[in-house]
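The values are calculated or read from the model by the stated rules, or taken from the named source; none is laboratory data. This structure is a prediction, so every number in the text was calculated from the model and none was measured. Ideal geometry is used to build each Cβ from the backbone, glycine not excepted, and the neighbour counts take in all protein chains shown. We work out accessible area using only protein heavy atoms, side chains counted, and drop any ligands, DNA or RNA first. Shrake-Rupley method; radii C 1.70, N 1.55, O 1.52, S 1.80 Å.
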Amino acid sequence: MLEALMYGAIAALISGTVLPLLYRSKNTRKTAFGFSLISSVLLLGFAGTVLYTGKEPVFPVIGFLPGLDFTLTADRLAAGFILLIAAVVPGVSVYSVEYVEHVKSEARKNLQAALTNLFILAMLMVILAGNMVGFLIFWEIMSLSSLLLVLHDYSSEENKKAGFFYFVMTSISTAFLFLGFISLFRLTGSADFGPLEYPAADLALPFLSLFIGFGVKAGLVPFHKWLPYAHPAAPSNVSALMSGVMLKVAVYGFLRFLLSISAPELWWGVLIITAGSLSALFGVIYALKENDIKRLLAYSSIENIGIIFTGIGLYVIFKVEGLESLALLSLVGACFHAFNHALFKSLLFLCAGSVVHTTGTRKIEAFGGLVKSMPVTSALFMIGSVSIAALPLTNGFAGELLLYQAFFQSFAVTDPLLTVFLIIALSSFALTGALAAALFVKLFGITCLAIPRSEKSRLAEEVRKPMLTGPAVPAALCILTGLFSKQLLSLAGWEIEFPDMLLLGLLLGLIYAALFLIIRSKETSPARISETWGCGIPTLAPYMEYSSAGFSEPLVMIFKSVYRTKIVNRAEYFDKQESLFKKGKVEIRLLRFFEEYLYIPPARVIDSFSKYVSKLQNGKLDSYVLYAFLAVIVLIIATGGFV
């Protein structure tokens, strides 16, 4: 039964990939996205059954190379991440039916539909892979399909730059994964994933290699810079899949390695928490200064990936300290937040796609007043915003509450230095939460509230039904997974101490209803509707509103040591004495620290080295024969051939 569900899901995704390549029509694309929707239903049944019953399917072994078989496995960890795919794909599929029709070229429409199905299939197969060979093969297919989707508009210079950046970073990720898997293969003699009963010192190289490899793909600081380039360039439905699912596939890969180790070392956990805390804090700080809605959401993804890795780091530390219950609590918190982030971030990217489509711009400064012209999209956008800001009763609140519980119980750790470290990490975690709330007050308020700041925003119209129904799916799941979080965790087999959000929701609902009735009964005069007081100015204008930069300016100045802010004043005067002011302009310039100090210097070195090596390609056959001879000599020496 389980095997049939999985085979059906795989067959549906393959059909959705092949069909648009054979026939070009709108009905073909609808059918392709229908196949992805069918696959998500089958995956939901598969993952739910494995999680609830604990029964693992048995898939046949496929011969690949002598000594290397291709296997599929699906334990409870894999089922949890398959459930994540099943939760995100329905909304994206329905949304894409209408969204891809905005592409001008008929061929590109079909290609996007095919690649989207291939992308989903590759991510699923990465999770199902039972050994390193299959994992790397489907990892590369996942990377290539997502790269082609990022480059969908290859005529744009911005997209070309984003594609190149993404290609370089994903190649670095694969290189480190390959190094980590090779070192594991040399240690174990097997390419299968399984328990690693080896001293932690022997696993240091695989750990560091896989941490960097998966960290690059997940977007951990300082390997994060590809996200703010790739997400604005990619179609919004693809951004929803990349941020909602692909980043979590990297988290899954790291957990698959980490959970196979019975005795990790303490410094592993310290390193993971440090990277996670920095990613969360820097992610939200850089998001606050953004004026591009999709780039802002990309930085927010870095923040949430940091939160997930913070939970993973807590798991490692508590496991080393022998605090198994706290280790489980931390692991559940990290996995649950990964699931929740997949929901609300896919929702936000889909809503952002609707806003960008109808206004024709990604600049937040050009939005405003969309709650009147796009009421349904604005309502869905608000659900995503309050969820990611972790307001009570939402799924974002439930996931982060688990991690707060783990932090607050860390007093059981006996090492004083480790206790101080965890207190600092908790402080960073709390600051991140406060800044995230401010970030989405800015994003939702400036995008949807007040009055339109541009003609494009004023003329905006609500999108069609598929682009409303699609985001409504993750929006509903955000509410339901928040209210029923305790019940869902129990069904998944995790019996932990956690408040019943459904009960709290009912109590709060009764309290709010009672307060409303009391206030309404005390009302003595009819409600008066009038314009907002404008200091005597008869008509309010857009320039009187908070702007995106104006809202962020106090925080930008507080964190100027991070942003490396530089205020530039430009003024023109009517006279040489500069007494009579004519006009002026003030700019706040921000230094792209990681790009200018971490990425560009090595790129310049590689570029210089490449130019030097290119001189060796002189077109002379004698030179090439000499190079081949020298290469053979080096290989013989390296393999001990002369000994």
* If you scan segment 312-330, which residues turn out to be open to solvent by 30 Å² or more (accessible area, probe 1.4 Å) and touching a helix residue (DSSP H, G or I) at 6+ places or on another chain (Cβ under 6 Å)? -> K319, V320, L323
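Listed here are the residues, each with its yes/no results for (1) under 18 Å from H341 (Cα atoms); (2) open to solvent by less than 10 Å² (accessible area, probe 1.4 Å); (3) not polar (S, T, N, Q).
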position	(1), (2), (3)
Y198	no, no, yes
L210	no, yes, yes
K225	no, no, yes
A233	no, yes, yes
V238	yes, yes, yes
A250	yes, yes, yes
R256	no, no, yes
* If you check V371 against the conditions, is it without any contact (Cβ under 8 Å) to a residue 60 or more places away in the chain and either within 16 Å of the chain's Cα centre (by Cα) or open to solvent by 10 Å² or more (accessible area, probe 1.4 Å) (or both)? -> no
* **Selected residue [closer than 19 Å to E497 by Cα and modelled with pLDDT under 90] from L402, L393** => L393
* Structure fact -> For E3, the lone unmet condition from (1) surrounded by 15 or more Cβ atoms within 10 Å (Cβ to Cβ); (2) closer than 30 Å to A338 by Cα; (3) at pLDDT below 90; (4) acidic (D, E) is (1)
* Asked: Applying the selection to segment 538-553, what residues are assigned to a helix (DSSP H, G or I) and in contact (Cβ under 8 Å) with a residue 24 or more places away in the chain?
  -> P542, S548, A549, F551, S552, E553
* **Wholly enclosed helices (runs of 4 or more DSSP H) of segment 429-537 bearing at least 1 residues more than 26 Å from F381 (Cβ to Cβ)** => 485-491, 501-522
* Any hit, segment 68-80, residues being within 20 Å of C335 (Cβ to Cβ), assigned to a helix (DSSP H, G or I) and in contact with a Lys or Arg (Cβ under 9 Å, 6 or more places away or on another chain) -> yes
* Asked: What tally of residues in segment 505-535 results from selecting those that are surrounded by 10 or more Cβ atoms within 10 Å (Cβ to Cβ) and either among the aromatic types (F, W, Y) or in contact (Cβ under 8 Å) with a residue 40 or more places away in the chain (or both)?
  -> 4
* Structure fact -> Scanning segment 462-498 residue by residue, those modelled with pLDDT of 90 or more, more than 19 Å from G353 (Cα to Cα) and polar (S, T, N, Q) turn out to be T481
* Please state which one of K161, K104 is assigned by the TED database to the domain that holds N27, part of a helix (DSSP H, G or I) and not acidic (D, E). => K161
* Structure fact -> Within segment 24-64, the residues that are more than 25 Å from D192 (Cα to Cα), without any contact (Cβ under 8 Å) to a residue 12 or more places away in the chain and open to solvent by 60 Å² or more (accessible area, probe 1.4 Å) are N27
* Structure fact -> Expected single match for modelled with pLDDT of 70 or more, touching a strand residue (DSSP E or B) at 6+ places or on another chain (Cβ under 9 Å), assigned to a helix (DSSP H, G or I) and of a type in the set (V, I, T) among V634, V613, V625, V556 is V556
